[in-house]
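What follows is calculated from the coordinates using simple rules that are stated; it is not laboratory data. Treat the numbers as computed from the prediction; the structure is a model and nothing was measured. Quick reminder, even Gly has a Cβ in these numbers, built from the backbone with ideal geometry, and neighbours come from all protein chains shown.
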Amino acid sequence: MPRSYLREARKRVGPKKERIGPIIERLAVEHADAAIALRFRSDLELLVSVMLSAQTTDVNVNKVTPALFEKYRRPEDYVAVPIEELERDIYATGFFRQKAKAIRGTMQMLIEDFDGVVPRRLDDLVRLPGVARKTANVVSSELGHAQGIVVDTHVRRLSQRLGLTRQEDPVKIERDLQRVVPRADWARFPHLLIWHGRRVCDARRPKCEECVLEDLCPSSRLRAPLRSSDASGRSRAGSPSRRG
Ligand code: SF4
């Protein structure tokens, strides 16, 4: 994509601080059902579900957790069984050895340092073994104490396409988003982008013609310049610019 086009596209849509309000409002209407897809009934179940969701789908996790949560109700239950038994119980979520080890370590720390209660503070959550910043952000946001913005593959792609960041590193993307997204929206903003990414702004074939953000998006392929092959009547192909 030519640089001059990107400059023009950014000028066309205007500054991100002015676009962020309408972006959130429109997505909130479009995806009123946007919410975490994992099923849980307690803080502990939320934490375990999010830990299990690494490298697999939420649907897959939801198939495993009903039986798991019947059997393991307290942190003590996870450390009371041989690790091989826990590995078998979470086997279908993949990477079961690393996940079982992380869950056991986390449960041990919850018992020893947090009276068996899942902490709310991001700084405490990231101390738990196997709990990285993304997991900690998901848990604290779902518990109503968002202290950051979850950046997954959809949030990364859409933030770039919408021109909210030019970064690739999730921590830097999160920092850019924190500067522009109102704090009150930190918890719901990732859900809105995730659901828009799944339903409309697909990684390979974004449906720009159906997108409610089309006039606010510098990467809309409806406005991309025609290539010589397009001019001869062939259809446009490929993803929109990621640089926004
Ligand atoms: S206009 Fe296209 S690229 Fe931009 S957010 Fe919508 S679907 Fe994605």
Residues of segment 9-38 with backbone nitrogen within less than 18 Å of a virtual label 7 Å along the Cα-to-Cβ line of ARG199, please, listed as ranges. 22-38
In degrees between 0 and 90, to the nearest 10, how far off the longest principal axis of the chain does helix 96-113 point, with axes built from Cα atoms? 70
For the chain, the longest principal axis of the Cα atoms and the Cα long axis of helix 133-142 enclose an angle in degrees, to the nearest 10, of 80
Computed E for ALA32/GLN178 - FRET, C-beta separation, R0 30 angstrom, nearest 0.05: 0.75
The chain: calculated mean residue ellipticity at 222 nm from DSSP helix runs of at least 4, using -39500 (n - 2.57): -16000 deg cm²/dmol
Rg/Rh for the chain: what does it come to with C-alpha atoms and Rh from Kirkwood? 1.05
Cross-link partners of LYS63 among lysines (Cα-Cα below 28 Å; sequence separation of 8 or more within a chain): LYS71, LYS99, LYS101, LYS134
Taking the Cα centre of the chain as origin, work out the dipole magnitude from +1 charges on Lys and Arg Cβ and -1 charges on Asp and Glu Cβ, in debye rounded to 20. 1620
Once the Cβ-Cβ distance between LEU6 and VAL171 is put in as r, and R0 is 22 Å, what FRET efficiency do you end up with, to the nearest 0.05? 0.35
What is the fewest-to-most order of ASP202, ASP185 by other Cβ atoms lying within 10 Å of their Cβ? ASP202, ASP185
Exposure proxy check: LEU46, LEU125 ranked by fewest other beta carbons within 10 Å? LEU46, LEU125
Note down the net charge around LEU38, summing +1 for each Lys or Arg and -1 for each Asp or Glu among other residues with Cβ under 14 Å from its Cβ. -1
Segment 106-224, convex hull of Cα, quarter of hull surface, nm² -> 8.0
Can you give the angle from 0 to 90° between the axis of helix 16-30 and the longest principal axis of the chain, with both taken from C-alpha atoms, to the nearest 10? 70
Tally Lys/Arg at +1 and Asp/Glu at -1 over every other residue whose Cβ is under 12 Å from the Cβ of ASP152; what's the total? +3
Excluding VAL48 itself, calculate the net charge of residues whose Cβ lies under 12 Å from the Cβ of VAL48, where each Lys or Arg counts +1 and each Asp or Glu counts -1. +3
